[in-house]
């Protein structure tokens, strides 16, 4: 599940319903935007920043051998 949420400038709270979220996920907030990304079963999720801003979110999946 990938979901983008716009945050209004006057908002002080970000309300997320836990029923709608995957069991394992990450929420990244930057510049008035929140992004929800499901975490892979096996692998890693990298959040790449540049000058204090989120530039990329990369998912690298793998499997046990």
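The values are calculated or read from the model by the stated rules, or taken from the named source; none is laboratory data. Fair warning: this is a prediction, and the values are worked out from it, not measured in the lab. Using ideal geometry, Cβ is built from the backbone for each residue, glycine included, and neighbour counts are taken over all protein chains shown.
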Within the stretch 32-51, the residues that are at pLDDT below 90 and over 20 Å from residue 3 (Cβ atoms) are 42, 44
Restricting the stretch 5-31 to residues that are surrounded by 10 or more Cβ atoms within 10 Å (Cβ to Cβ) and at pLDDT below 80, the one farthest from the chain's Cα centre (by Cα) turns out to be 11
Would a scan of the stretch 32-45 turn up a residue that is out of contact with any strand residue (DSSP E or B) (no Cβ under 6 Å at 6 or more places or on another chain), farther than 30 Å from residue 64 by Cα and loosely packed, with under 10 Cβ neighbours inside 10 Å? no
Given the conditions (1) surrounded by 13 or more Cβ atoms within 10 Å (Cβ to Cβ); (2) touching a strand residue (DSSP E or B) at 6+ places or on another chain (Cβ under 6 Å); (3) under 14 Å from residue 2 (Cβ atoms), every one holds for residue 58 apart from (1)
